[in-house]
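The structure appears below as C-alpha cells.
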Amino acid sequence: MSSQVNTISGTHAGVAAGTAAVLAGMAHAQGSDKIKVGLLGCGGRGNGALQQDLQADPGVEVIALADLFEHKVRRTRDGLMKREQIKDRIKVADDHMYWGYDCHEKLAQCEADLLLMATAPAFRGRQLMAAIKAGKHVFTEKPVGTDVAGCKEIMEASRLAKEKGLAIVCGTQRRHEFSRVELMKRIHDGAIGELVGGQCYWYGEGIWFRGASEGMSELDWQCENWYHFTWLSGDQICEQHIHNIDVMNWCFDGPPAKITAVGGRQWRSSNQDQIKSAKEVCKRFNNGSEAGWEKYNGDIWDHIYAEFEYPNGARCLSFSGHSPGTGRNGEKIVGTKGTSDCRIGISGANAWKYEGEMVDGMVQEHKDLIASIRSGKPLNEGQRIAESTLTAIGARIAAYTGQVVAWDWLMNQSKQSLVPTQAELMSGKPLYHAIASGRDPMV
Amino acid sequence: MTAGTLVLSGAAGPLAYAQGSDEIRVGVVGCGGRGSGAAHNCVSSSPGVKIVALADAFEDRLRKLKTDFSVPDNRCFVGLDAYKQLLALDDINLVILATPPGFRPPQFAEAIRRGKNVFMEKPVAVCPAGAKMVIEASDLATQKGLGVVAGTQRRHQFEYVETMKRIHDGAIGDLVSAQCYWNMGGLWVSERQPGQGDVEWQIRNWLYFTWASGDHICEQHVHNLDVVNWAFNDVQPEAVHGLGGRQYRTDPKYGNIFDHFGVEFTYPGDVKTISMCRQIEGTANNVSERVVGTKGWSDCCGTIVGENNWRYRGPRSDAYVQEHTDLIKSIRAGKPLNEGKRIAESTLCAIMGRESAYSRQQFTRSWFMNRCTLNLVPAEGLKLSDAMPVPPAAVPGQYQLAGWVQERRGRRG
C-alpha cells in the first residue's frame, strides 16, 4: 500500500506541474480535455461529491444522473441548473436520467468517462463491476460494501480496472490531504519508530430516521432509511468509522491480522423518538397495525469497541457508536520513538509539525483522480478501500458473534453475503435480518 | 510485592493477635464458594492457623465450613448483621471478608475498628463512596499496625512478581500502551425461589446486581485492571471512557448488569490502554494482560519480549494460598502488609469504567473522586425481607451519572 501513498504524493507533483499533461490513451473523449461525468446516487453525499468534482476540474461536465428514486434525479438536475457558475457544465439530457433498482446498469452504458458513486454502500460491488466492465473511471464513496462478498467483488473489479487502465478513487479523503500524506511518509520512514499501538474513534450522537412517504414500497423505504439496516449500511462502524479505521490501516500499511470486539444496541432499542417513527412506518405497511414494529426500528448496533491486532503484533483500539455521551473523532498512532495524531504532527524523538498548504481533501481526491486519468497513470484505490471496508466489517462480525475474526478467515473462509441479488431486488421484496445477539454464528 | 519486599516502617506496634501465642485465629465473614475457598487456602498456607468463627447472611451457606472446621454453634452467626457479632469476638485476630463486594466497605471498616488483620476478597467496593471508606479504613489499619491483603492473587504469584520487578526496572522501557481482558462465558445463577424477598434473592444472586457485585467489570475484570495498574507502578489513570451493554444476557434473572464492556483508560502522559470484558456463553475466551513499552512488551506473567528477552523459570506456587502465606508471614514478622488502598484504587478503576460505560460519558479521575456522588453502600438496618425493586439496566441518555452536570454541547459525529 505504500506504493499508493507514493502515487498520491507523486500526483501532487503532477498537479503542480500544471495542466499541460498529455492526454494519452484515456477512456475519455479523444482530443478533448472534457471529462464527462455521471452521478449514481443523488442524495446529500452524491450532490456533495458532484459539487466537489466540478470544483476540482474545469473540464468536468455532468451528462447523466441516476438514483433509485426519480424525484431525486429530477431534483438534482433542477438544482444544478439553477446555479449560475456551473449550469453551462450541466448537460443532462432527459434520456440520461435513470432510476430504479437497475439504474446503475443503465448508467454504465452511457457515454460518461467517469462515474461518481454515492448510493448506500450495499450495492457498490455490482455497481463498480458494471462500471469497470463498461470502461468507466470511478470515484466511489466509502465504504464500498456491507458484507464479505461485496468487498471481494470490489477487489475483483479493482483487478479488472488495473488491467483495463481505469482509475478508482475512493472518498476516504484523509488519504488525499497533503498534511496527512506528508505525515504518513514520515511515519512509514520510521519517525516514530516501530508502531506498537494506536487508537481511533468515531463516537457521536444519533442520526436521522426517515419515515415512509407516499408511493414508496417497503423495500424503497428500507433503501431510503438505509443507515439503520446492516445489510444496507454495514452498521455505523462500517459506514462512518471506516474513515478512522482506514487511517490506522494506512499507518500499518495494510489490514489487521486479527480482530476482537464487543458491542450492542440498547440505546437504539429504547430510543423513544425512533421507536415512535418505527411504529409509524409499521402502520404504513401493515394496514394501520403496530404489531411487529420492532423490525422497522432497524438492526444496527449503537456501539462497537474493537481491538485490531496488526501483523507486527501491535494492538489498536477502535471505538465507535452513536448515543448521548461524549463525542470522539480522530486517531492516534503510538511508536517506540514517539506518537502522532495522524493529522498534522509528530511528537517524540523526531517531533515535527506540518506547515505546508492545507487542502480540502474532499476536493483534492477529485483533483488527484482526474490528474491521474489525464496523465495516463490512473490511481487505483480499489483494493485498499475494500481492505479497509473489510476491516470494519470484520470488527462488526467479531462483535456480532463474540468470536475472534482472523483476516485469513475473512478472505478465505467467510461465506457472508447479506445483500439481495439483483433479481431479488427487482422483485421488490423487503429484507430484514434479526438483530445480532452478540453470539451469532460465524458465516 | 512479596512480604519481603514491602517493609512498612512505623508498623512495629502491638500485634493484633492473641497474647502469648502466635496462633492465627480466623473468623470468616461470607461462607459461600469464595469464602470457603479462602478459609481452606488460609489454613493450608501456614502453620498455627485455625478457623474459629463464621458469619453469613444465610444459615444454609454457613453449614459447609461449620462442618469442615468443627466450629461450635455459639461461634456461628447468621444474618446481615452477623459480621458485627463475629468481629466483636476478642480472640479473633484475622478475618476473611468474602461477602458480596457491595457489603465490603462497612465490613472492612468495622474489622479495622475492631483491630483485626484482614484478608478481603476483591473487589472491595462497588461505588466511590464505598471505595473511600476502604481507603480511610486502610489508613487506620496502617496506624494500628494491622495487615490487609486483598484477593487479587496475581500480586502474590511469583511469575507476576518477578516480571513486574523487571518492568519497573525498565526492561521494556517506558510504557506506551497496555491491554487487558476478561472475555469468557457466563457464571452461576441463583434463580428466585418462592417466598424469597427482593433483598434475599438479590444477595443470593448477587453477581447480577450492580449494588451487590459492582457489575462484572468490577467483580471479575478488576484482576486484570489491577495488573495494568501494577505495571504502571500504581500510578492511577487520569481519564476514562467506556462503552458497554446488555445485548445477549437479557433475562430478568440476570438482574441489571451488562454482559460486555470496552473501556479506554488514559494514564499520565496520554498513554491509553484497552480494557475489554465479556460474559456471554459460547464466545471467545481471553483472560490476560499485556503491557507495551518502548523497548519491548510483556504478558506480565513470565515473558518479556524485546531488547531484554526473558522468561520466568523459577518456582510456581498456588497464588490463592500464597497470598495468605504472605499476609500471615508479614503479621508474624511485625511488618504487616497493607494492600487496602491499592486494591481500593484498582476497584475504583473498574467502577469508573462501569460508570463511564453506563453513561457513555468520558470523565477524569479527579471528577470521579471529587464530584461523583454515587453511593451504593447498603443502608444500615437492611433486612432480607425488604422490598428492593431492581433498577433497569443502564441506557445512555437515561442513566443518571450521579453528580454529573451535562454541559451544553454542539452536535458531533
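Each reported figure results from applying straightforward, stated rules to the coordinates on display, with no laboratory input. Nothing here was measured: the structure is a model prediction, and the numbers come from that model. Please note: Cβ atoms are built from the backbone with ideal geometry, for glycine as well, and neighbour counts cover all protein chains shown.
Largest GNM mean-square fluctuation across B:43, B:395, B:78, computed for chain B with C-alpha springs under 10 Å, falls on B:395. P(r) tail for segment A:124-172: Cα pairs beyond 13 Å make up 48% of the total.
Given +1 at the Cβ of Lys and Arg, -1 at the Cβ of Asp and Glu and no other charges, the dipole of the protein assembly as shown around its Cα centre is 500 debye to the nearest 20. Of the GluC sites (Glu not before Pro) found in segment B:188-248, those that fall in a DSSP loop while having at most 15 other beta-carbon atoms within 10 Å are B:191, B:238. With R₀ set to 30 Å, the beta-carbon distance separating residue A:55 from residue A:347 gives a calculated FRET efficiency near 0.30.
Where in segment B:337-405 are there chymotrypsin sites (Phe, Trp or Tyr not before Pro) that are in a DSSP coil and have at most 12 other Cβ atoms within 10 angstrom of their Cβ?
none
Under the definition of Cα pairs under 8 Å and six or more residues apart, what whole-number percent is the relative contact order of chain A? That works out to 22 percent. Binning the C-alpha pair distances of segment A:333-443 at 5 Å intervals from 0 yields a P(r) profile of 2, 8, 10, 11, 12, 14, 15, 13, 8, 4, 2, 1, 0 %, listed from the shortest bin outward. Placing unit charges on each Cβ (+1 for Lys and Arg, -1 for Asp and Glu) gives segment A:248-348 a dipole about its Cα centre, and among A:250, A:335, A:262 the Cα reaching farthest toward its positive end belongs to A:262. Each listed q (0.15 Å⁻¹) maps to a log10 I(q)/I(0) for segment B:286-331 from the Debye sum over equal C-alpha point scatterers, namely -0.57.
Dividing the alpha-carbon radius of gyration of segment A:264-338 by 2.2 N^0.38 Å (N being the number of residues), what value is obtained?
For segment A:264-338, the normalised Cα radius of gyration comes out at 1.68.
Cross-link partners of residue B:50 among lysines, defined as those whose alpha carbon lies under 29 angstrom from its own and excluding same-chain residues fewer than eight positions apart: B:64, B:66, B:84, B:116, B:122, B:144, B:329, B:335, B:341. When only alpha carbons of segment A:65-223 are considered, Rg and Dmax amount to 19.2, 59 Å. Within straight-line reach of residue A:415, meaning a Cα separation under 21 Å, sit the following lysines at least 8 residues removed in sequence or on another chain: A:152, A:258.
Looking at chain B as a GNM with Cα springs under 10 Å, which of B:313, B:332, B:34 has the largest mean-square fluctuation? Checking each option, the largest mean-square fluctuation is seen for B:313. Report the one residue of A:296, A:437, A:409 whose Cα lies farthest in the direction of the positive end of the charge dipole of segment A:284-443 (charges on C-beta: Lys and Arg +1, Asp and Glu -1; origin at the Cα centre). Most positive-ward Cα: A:409. Using R0 = 22 Å, the C-beta based FRET efficiency linking residue A:337 and residue B:305 works out to 0.75. Radius of gyration over Kirkwood radius for segment B:136-265, both on Cα atoms: the Rg/Rh ratio is 1.05.
Using the alpha-carbon positions of segment B:83-132, Rg (one decimal) and Dmax (whole number) come out as 10.5, 33 Å. Just to be sure I follow the definition: excluding the sites themselves, where is the longest run in chain A that has none of the chymotrypsin sites (Phe, Trp or Tyr not before Pro) in a DSSP loop with at most 15 other Cβ atoms within 10 Å? Here the longest segment lacking exposed loop sites spans A:209-431.
If you plug the beta carbon distance of residue B:190 and residue B:288 into 1/(1 + (r/R0)^6) with R0 = 35 Å, you get a FRET efficiency near 0.75.
Obtain the nm distance between the two label points defined at residue A:291 and residue B:370 by a simple spin-label model: each point lies 7 Å from its Cα along the Cα-to-C-beta direction. Spacing of the two 7 Å Cα→Cβ label points: 5.9 nm. Taking a quarter of the surface of the Cα convex hull of chain B gives a mean projected area of 21.0 nm². Based on the Kirkwood approach, the hydrodynamic radius assigned to segment B:310-394 is 17.5 Å, with every pair of different Cα atoms included. Candidates B:286, B:62, B:333 compared by Cα position along the dipole of chain B: farthest toward the positive end lies B:286, with charges placed on Cβ. Projecting the alpha carbon convex hull of segment A:214-309 along each direction and taking the average yields 7.4 nm². Projected over every direction and averaged, the convex hull enclosing the alpha-carbon atoms of segment A:74-159 yields 6.1 nm². Once backbone amide H atoms are built at 1.01 Å from N, residue B:245 has B:259, B:260 as its partners under 5 Å, excluding neighbours fewer than 5 places away on the same chain. Only the Cβ atoms of Lys and Arg (+1) and of Asp and Glu (-1) were treated as charged; on that basis the dipole of segment B:287-351 about its Cα centre amounts to roughly 240 debye.
Based on every Cα atom in segment B:90-194, Rg and the maximum pairwise Cα distance Dmax equal 17.6, 59 Å.
Using the Kirkwood radius over Cα pairs, work out the Stokes-Einstein diffusion coefficient for segment B:249-332 at 10 °C and 1.306 mPa s, in µm²/s as a whole number.
Roughly 93 µm²/s, to the nearest whole number.
By the rule of a C-alpha distance below 20 Å, with chain neighbours fewer than 8 residues away ignored, the aspartates and glutamates paired with residue A:106 are A:61, A:67, A:70, A:94, A:95, A:141, A:153, A:220, A:424. Computed from the C-alpha gyration tensor, the three semi-axes of the ellipsoid equivalent to segment A:280-380 are 41, 25, 15 Å, from longest to shortest. Loop sites here are GluC sites (Glu not before Pro) outside DSSP states H, G, I, E and B with no more than 15 other Cβ atoms within 10 Å. The longest part of chain A free of them is A:358-443. Have a look at A:311, A:378, A:143 and tell me which one the Gaussian network model of chain A (Cα, springs below 10 Å) gives the largest fluctuation. Sorting by GNM fluctuation, first place goes to A:311. Quick one: in chain A, what % of C-alpha pairs are over 39 Å apart? Of all Cα-Cα pairs in chain A, 19 percent lie more than 39 Å apart. In this simple spin-label approximation, residue B:234 and residue A:433 carry label points 7 Å from Cα along the Cα→Cβ vector, and these lie 4.8 nm apart.
Hey, got the dipole for segment A:203-253? About the Cα centre, +1 on K and R Cβ, -1 on D and E Cβ, debye to the nearest 20? Working shown, then result.
Working: 1 positive and 9 negative charges, 16 e Å.
Around 80 debye, computed over segment A:203-253.
Two-decimal Rg/Rh of the protein assembly as shown from alpha-carbon positions, Kirkwood Rh? Radius of gyration relative to Kirkwood radius: 1.05.
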